[in-house]
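Working notes, structure below.
Nothing in this text is a laboratory measurement; each read-out follows from the coordinates by a stated rule. Just so it is clear, the model here is predicted, and its values are computed rather than measured. Glycine also receives a Cβ, built like all others from the backbone with ideal geometry; neighbour counts cover every protein chain displayed.
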Amino acid sequence: MPLTALAGTLGRKRATHLLRRATFGATKAQIDQVAAMTVSEAMDILFVADDLGEPAFPIDPATGQEWITPELTDANSDERDLLQYFNSWHFGQLLALGVPEAQALSYATREKITFLLHTIFTTIASKVNNSKSIYYQNALFRKFSFDDNGDPAFNFKTLSKKVCVENAMLRFLDGDTNVLGSPNENFGREFLELFSIGRGLEGTLAPLPAPGDYFNYTEQDVQAAALVFSGFTIDKTFANIDPDTDLPRGVVRGGTIASSHDNTTKQFSYRFNNATVTPDPTLLVGGKATEESALDEIDQLIEMIYGVSDEAARNICRKIYRFYVYYDIDQALDDDIIDNLTQTFKDSGYKLQPVLMDLFQSEHFYEAGAGTADDNFGGIIKSPLDLTLGTIQALEIEVPDYTTDLDNYYAFMGGVQQSMNSHGMVYYEPPEVAGYPAYHQFPIYNRSWISTNYLAERYQFIQQLIDNKEPDEPGNVGVDVLSFVQNNFSGVAADAKDLIIELCQYFLPMNDGLTFNPAADDLSEITAERLNYFLMAFLYSPQIDTDPEGSWSFRWNNAVDNEVVERQLKNLFNALMQSPEFQLS
């Protein structure tokens, strides 16, 4: 059954929480818009699939033209650069740059789901070493991000089947070397362990029941799955188009006859009730495998995985929960929240969108359930992607226009990539086959984003952003804090304490009952000592006035000494955004 829905309007704190998690951050105006809505109304603007459209192809600056559909020539940039241009292009999609405001939040929600799918069906771009393959895989994820479109066949199971034969995955997990007589088990193993049924709930598992028995599947199942996946290879021409998605996919070796596909019956273990995957004789030619029969075997396999138990569905719902809510799932939460999400997943025909909408509308997403003392605000450490893009979005930093100022756009986003690299996340280059450790590595999960070095680099990113010493340099990422406050917080800016409280309510996840009075700390989610630290950094460091708060009000109200005002605002934003609290979502 669906989770209990949150009643009433969201309010600013919950709206900010929702937009930080469902997208890569939001502007003050977007937060204020959603704050006045109920959760149901908010879903109507986060999941508007109509007329979102597909993004234009990325452009190679060496030619000034898109490079995805034509043949590459010597005039094009090399693959290493093209992969970087793809990343920079995709950052623009994640930020919904150039999208009409009425569609921007929905577009950004869709793009975050494409990134979620990348964390589930992981690929390392440098191993694939083909920017077209990476682009088309990303396009496949986008196509299935908003899947509640009335077509029952358009669902996560279908996406799983498509992933098995798409070009990037065939290269990444060696599917292109998996042939009759010499099976490569790499993809079969990862598909069972990472992409579908998994081993169960981490932290609750007993020792392995027997060598080669992994609770939900066995070595026999890995070997049988490898035979099912055999015989496909990369289509370097990208001319083999999947009829369901209109996107390129791999091809079977041998042409009409899939001569490298194992055409025998595949026997699975007791974990799958001793089921078999058998070639469909009506799809064979002269008793020999074809592309259609090989694809049908993949269909049989995935239907078997999802049909044998709820474990595959639960495993995917756990991944969704860890991505959007919190990493720690104990047995009680698994039996309650994950169980409910799994039921929604199944009832919807294994579609992602109903699960996400159920989650985003639930009391649990905002309050961890009625009657509990804790909540989910500030429970996730921001990924480097969330930190960099979310900060750019929150501060409304103007990004060079992709269509009219391509070189500066790439320079700007190249700077974003460099910052992310220094924070420990090389985009589309997870350090292991299982993906970025923050999304899968028990028991650390998102705490892996923080080390002494990474934290220092995060703080340096903020300092460079705020200090903005050379705003006109190509690739510089910076903000005009004075204009930002004038445009967004002019109504409270004259009062230093009111300004701090207002900024905290948009920038920090924990922000109820804020007061500078230590006697009221029990009612405040940030201590008065902490708020006074922000005040000291703002007006007293260094202290240049005998009455700092009064002098600030005078300067602001009379628009005088703007250089002093700007310097003081930079001190405030540096203190606020270099705080540990700002690292949390």
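Results, tabulated for the structure shown:
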{"quantity": "Placed amide H near residue 65: partners under 5 Å, 5+ positions off or other chain", "calculated": "60"}
{"quantity": "Positive-end residue of 267, 295, 256, charge dipole of the range 256-298 with Cβ unit charges", "calculated": "267"}
{"quantity": "Inter-label distance, nm, simple model (7 Å from Cα along the C-beta direction), residue 49/residue 562", "calculated": "4.9"}
{"quantity": "Neighbour-count order for 502, 396, 71, fewest beta carbons within 10 angstrom listed first", "calculated": "71, 396, 502"}
{"quantity": "Gap separating the Cα centres of the range 473-546 and the range 438-456, nearest whole Å", "calculated": "28"}
{"quantity": "Förster radius 30 Å - calculated FRET efficiency between residue 486 and residue 66, Cβ distance, rounded to 0.05", "calculated": "0.15"}
{"quantity": "For the range 14-48 and the range 412-436, distance of Cα centres in Å", "calculated": "27"}
{"quantity": "Karplus-derived 3J(HN,Hα), 6.51/-1.76/1.60, for each residue of the range 385-390, Hz, glycine and proline x", "calculated": "5, 4, 5, 6, 5, x"}
{"quantity": "Computed lengthening from residue 101 to residue 204, 0.36 nm per intervening residue step minus Cα-Cα distance", "calculated": "32.5 nm"}
{"quantity": "About the Cα centre, charge dipole magnitude for the range 433-580 (Lys/Arg +1, Asp/Glu -1 at Cβ), debye", "calculated": "480"}
{"quantity": "Residues residue 546 and residue 405, FRET efficiency given R0 of 51 Å [Cβ-Cβ distance, rounded to 0.05]", "calculated": "0.60"}
{"quantity": "The range 277-287 - phi-based ³J(HN,Hα) in whole Hz, Karplus 6.51/-1.76/1.60, Gly and Pro as x", "calculated": "10, 10, x, 7, x, 6, 9, 7, 10, x, x"}
{"quantity": "Inter-centroid distance (Cα atoms) of the range 313-362 relative to the range 247-306, Å", "calculated": "31"}
{"quantity": "Debye, to nearest 20: dipole size of the chain, +1 on Lys, Arg Cβ, -1 on Asp, Glu Cβ", "calculated": "860"}
{"quantity": "Average projection area in nm² (convex hull over Cα atoms of the range 47-206, one quarter of hull surface)", "calculated": "12.8"}
{"quantity": "Of 319/351; 127/157; 112/351; 112/382, those spanning more than 21 Å from alpha-carbon to alpha-carbon", "calculated": "127/157"}
{"quantity": "Charge-dipole axis of the chain as Lys and Arg at +1 and Asp and Glu at -1 on Cβ define it, positive-most pick from 562, 88, 316", "calculated": "316"}
{"quantity": "Ranked list, fewest to most other Cβ atoms within 10 Å of each Cβ, for 524, 230, 309", "calculated": "309, 524, 230"}
{"quantity": "Cα pair count fraction exceeding 33 Å, expressed as % - the chain", "calculated": "47"}
